[in-house]
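Below: the structure, in structure tokens.
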Amino acid sequence: MAALNPTDIINAGEHVFIKMPSDNVKCIVLKAGSSVSLGKFGTFKANDIIGHAWGNSYEIYDRDSKTRVYHPEGISEVEETANNNREIVDDPTSQKLTLDDIKALKSEGLKGELTGEEIVNKLKESHTTFDKKTAYSQAKYLQKKGKKFHKVFTPIKPTAYSVNEYFYVKNPSKIRDIRMDTLSQLLSYSNVHSGCKLLVVDDTQGMIVSALAERMGGKGTILGLYDGDNPHYDIVKYMNFNQETLDTIKVLSWLRIHRPADEKTPDEMQDVTQLTGKDLEGYHRRLKAYNIVEESRKVLFEGNFDALIVASQYQPESILEKLLPYVAGSRPVIVYHGTKEALLETSTWMRKCPDLLAPQLTESWLRKSQVLPGRTHPEMSTWGTGGSLLTATKVIDQPVQAALTKRERLAMEKKNAEAKKLKRAREEAESATSSPAPVTAAAAVGDVADEAVEGVEEGTTAATMTDGDHESRSIKRAKQE
Amino acid sequence: MSETAVEKQSFATYKKNNTIEEGDNVVMYLSKENMSIIRVKDGEYFNCKFGNYKHSDMIGLEYGTKLGSNTGRGFLFLLYPTPELWTLVLPHRTQILYIADISFVMNYLNLKPGMSMIESGTGSGSFSHSIARTLAPHGHLYSFEYHQERVNAAKKEFEEHGLSDLVTLRCRDVCKDGFDLENKVDAVFLDLPAPWEAVASAKKAFKQNKVGKICTFSPCIEQISRTVTALTEQGFVDIQMYECLIRFNEIRVIPMWTIDEAMEKQRAVEKKRKRAAPRVVRDDNNNNTQDEESSSGHINKSIKVEPSVDDSNLSSAAATPSSTTESEMEDSVSTTVSTPVIGSETTASASEAEPRERIEPKNVVVTRLPAEQRGHTSYLMFATFTPATQGPSLTETKAAAAAASSSSAPAK
Ligand SMILES: C[S@@+](CC[C@H](N)C(=O)[O-])C[C@H]1O[C@@H](n2cnc3c(N)ncnc32)[C@H](O)[C@@H]1O
């Protein structure tokens, strides 16, 4: 057997998502020795799952809340029958059991005298038209009743995905509507990996910080800037991170970025040699807090961040302007917002910012389908918004040499126009013959498509313009907006 | 050339010095659609239609630097090759995965540093690069491909991209011969025409005492059906299917004049016409302007405002009602009027004397989905391996149950 990591096992004191037969998910902190109530589905003992590997489902099977590993029999292929719905009429009397009978069954179930499967079987047997149902609706009936009476639960391990899904379903505004697919894309665009150094402004209650930290596996640094008294990274606690990973997350208040002129070090405030007892404790507390801030400042001012990720309630440009200088060259800059509209101004700002290359505004679309053998179809309810991403690359702008004379430029433009025509023709010929072009390339059509061709023109402009010009232009522009 | 030690590059991480050195792979960014990748070698040139670039000029520059061509006629950006960029520049030997699917699969499979994973087929190695980066530095990717030339090409790329230590590439028909791995991996990804044929072998490859996840990628719903059956049969649970797409927006800046402003401009134009006397009334003036319009493409552009072209002075110069011609355009740009005053002769004449001020329309930023958005790519099907998944398949169990009278002891 492969050796198990502590993270492969359900440990006491951790957050656990419990998926219930109804498909509802409940979040608990698993306390050793406790009993966990799942409402109408019964109760189980925490110790029955503590120390076991993640992934199994459990069935509560008797009145002492005993549990056993439950493995579904496998969902069998629906066999076509000659039945159809023609003979089925809506008839409340088709169920021969009375409401009281069912209640009795339920309570027997609760006491553990009947298993969920047995109850469902009883219901099925006393259903007069069950046999007349089509195979599909029989299957659906059993599934529906199963959800009601089976006492099977599945502990789900908190991961960036499962935590995201849990909150997206339960309370999307808490995480500013960031959906699993959008978060995935953010992770890919950010190129987060073990050992990297990230600068983050995260107002999704730490959903983004959590996902990034998971991908870094305890190596590297995330510096999160926050406003208010404390960083609100509530989501982090659901992730069951070990200390090593928690240590990769550093924070700094916007107000503390620069040391106020009148800020004194704890040593300047007090002479430690004179302190005793409570005073000395207080001093050490202050020193520790002071050092944490100093350390975070140092991380910030050393710059060279491998990505800047902003998911803030504040105007993104105002944040980018301040933080871009700390980002290394050829690194991603990503802005998340719950609505695309909030990013429109930012994208025009980005386009004019000489330090940013190729801003791109994307939204994601996600559809989930029910898959059962022979019964695959899209789910009834699809998701609403999942947020929007604006991504660009930090570049190092510098004037390019040698402006062209007007004549050279015109000649070049002519040549380019021809080259462009040729390219188009070639592409058209190509796309007519070859397989579909890649999504990304196709999607970018028309956006910066002409940039290279016009690079000549822009190049000349850039050449005659100093960096300062560029900057003041973009800042002026930013102020106007 | 340089005698000093060169920091070896890997696509799985950045270089500490963030500096271009001999032997590095560098992405030449001309535009979103015009990117290519080179290996830097002193003495060589990168040539494109905007000029040529000496490799030796790149050496020592920080990644992300803008570099002018040696004729001064163009420029490009020197970007660090990340797995995401690789997907955009790689030579296509097969269909490949793009960021929408790559990122969703990685997130769902919960990939992170230290994990082990199977991928088949390797294809063009698009996904492999992202996986390797995410599992690094101590995790491992087992990648399988039965096409010998693709294996050779991918092997060379993994070496050149500093990923050899992270990836084991095997030439093997996984449907016929399986993965030949037992109790080894945390996740499996199958991008094969017949993934269901590899499911039984994949099951053995999972670490048997912990939870694991499998994903299959199939364009057709028929493939999905057969795979669901195979997964169920092998005891995988929690089967789910997703489709994921990214919509790329075009951003446009639409100037919006008030009707008063528009009329003010119109008046100014009429006034100018009168002053410019002889040409004005003649018909061929119209033709004239029309010719001008069609001969120089940018006029058209500035009138209709193609704001997705990020020419910074465009949006402000742009945008007069579409009936205006170039000469009027220029006029309008320089027309005065701080507040549009309707029909006042004095304003117009005053404008002659005073420094001219632009009329700036209110700009509205809008998005458009490009006409051609790629639709559906493929179905992503996921399932979970649990410690209870191990053991005989469903049919085997049923056969056994039929033979003996079944009695299943409650598992602890
Ligand atoms: C669509 S490509 C994979 C593309 C890859 N995911 C990427 O992103 O670049 C599918 C590959 O699977 C390979 N393949 C098909 N059947 C196979 C089998 N039975 N064993 C191994 N490889 C196989 C094909 O040769 C092909 O290269």
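The values are calculated or read from the model by the stated rules, or taken from the named source; none is laboratory data. All values reported here derive from a predicted model rather than from experimental measurement. Neighbour counts are summed over all protein chains in view; Cβ atoms, including those assigned to glycine, are modelled from backbone coordinates with ideal geometry. Heavy atoms of the whole protein, side chains included, go into the accessibility calculation; ligands, DNA and RNA do not. Shrake-Rupley method; radii C 1.70, N 1.55, O 1.52, S 1.80 Å.
Taking every DSSP beta bridge that has both ends in region A:160-394, the antiparallel portion is near 45%. Principal axis extents of the Cα atoms in region A:299-362, from largest to smallest and rounded to whole angstrom, are 34, 23, 17. The reciprocal of the average 1/r between distinct C-alpha atoms defines the Kirkwood hydrodynamic radius, which for region B:101-256 equals 16.4 Å.
Taking each residue as 0.36 nm, the span from A:E263 to A:C27 lengthens on full extension beyond its C-alpha to C-alpha distance by 80.6 nm. In terms of distances greater than 20 angstrom between alpha carbons, the cross-link table entries A:K40/A:K151; B:K184/B:K204; A:K26/A:K157; A:K31/B:K112; A:K197/A:K250; B:K112/B:K176 yield A:K31/B:K112; B:K112/B:K176. Across B:C171, B:C48, B:C244, the residue with the most accessible area heads the list, and the full order at a 1.4 Å probe is B:C171, B:C48, B:C244. Derived scalar couplings between HN and Hα for region A:248-263 equal 6, 8, 10, 10, 8, 6, 3, 6, 9, 4, 9, 6, x, 4, 8, 6 Hz in order, rounded to whole Hz, by the Karplus curve 6.51 cos²θ - 1.76 cosθ + 1.60 (θ = phi - 60°), x for Gly and Pro. With Rh defined as the Kirkwood radius, the inverse of the mean 1/r over Cα pairs, the Rg/Rh of region B:95-166 is 0.94. Using R₀ = 41 Å, calculate the FRET efficiency as 1/(1 + (r/R₀)^6) where r is the Cβ-Cβ separation of A:N47 and A:K368; round to 0.05. Once the sixth-power term is evaluated, E becomes 0.75. With N counted as the residues of region B:39-158, its alpha-carbon radius of gyration over 2.2 N^0.38 Å works out to 1.28.
Estimated from the Cβ-Cβ distance and a Förster radius of 22 angstrom, the FRET efficiency linking B:N152 and B:T94 is about 0.95. Between A:D279 and A:L255, the C-beta separation translates, for a Förster distance of 25 Å, into a calculated FRET efficiency of about 0.40. Over region A:160-394, one equal point on each Cα, no solvent: what is log10 I(q)/I(0) by the Debye formula at q = 0.14, 0.17 Å⁻¹? Taken in order of the listed q values, log10 I(q)/I(0) reads -0.92, -1.23. Taking amide H as placed 1.01 Å from N in the peptide plane, A:K66 has its amide H under 5 Å from the amide H of A:Y61, each at least 5 places away in sequence or on another chain.
For B:S143, the residues whose amide H sits under 5 Å from its own are B:E119, B:T168, B:L169, B:R170, ignoring neighbours fewer than 5 places away on the same chain, with H placed 1.01 Å from N.
Under the combined filter of DSSP loop state and at most 11 neighbouring Cβ atoms within 10 Å, region A:239-277 retains these trypsin sites (Lys or Arg not before Pro): A:K264. For B:I259, the solvent-accessible surface computed with a 1.4 Å probe is close to 120 Å², ligands and nucleic acids excluded. Placing +1 on the Cβ of every Lys and Arg and -1 on the Cβ of every Asp and Glu, with no other charges, gives region A:160-394 a dipole of roughly 640 debye about its Cα centre. Between A:Q313 and A:K421, the distance separating the two model label sites (each 7 Å from Cα on the Cα→Cβ line) works out to 5.7 nm. Residues B:E159, A:E363, sorted by accessible area with the largest first, give B:E159, A:E363 [1.4 Å probe; ligands and nucleic acids excluded].
Only Lys, Arg, Asp and Glu carry charge here, each on its Cβ (+1 for the first two, -1 for the last two); on that basis region B:48-135 has a dipole of about 260 debye about its Cα centre.
For region B:1-81, what log10 I(q)/I(0) values come out of the Debye formula at q = 0.13, 0.18 1/Å, with one point per alpha carbon and no solvent? Log-scaled intensity ratios, in q order: -0.36, -0.69. Accessible-area loss of 40 Å² or more (1.4 Å probe, protein heavy atoms, chain alone versus all protein chains) is found in region B:196-221 for B:N209, B:K210, B:V211.
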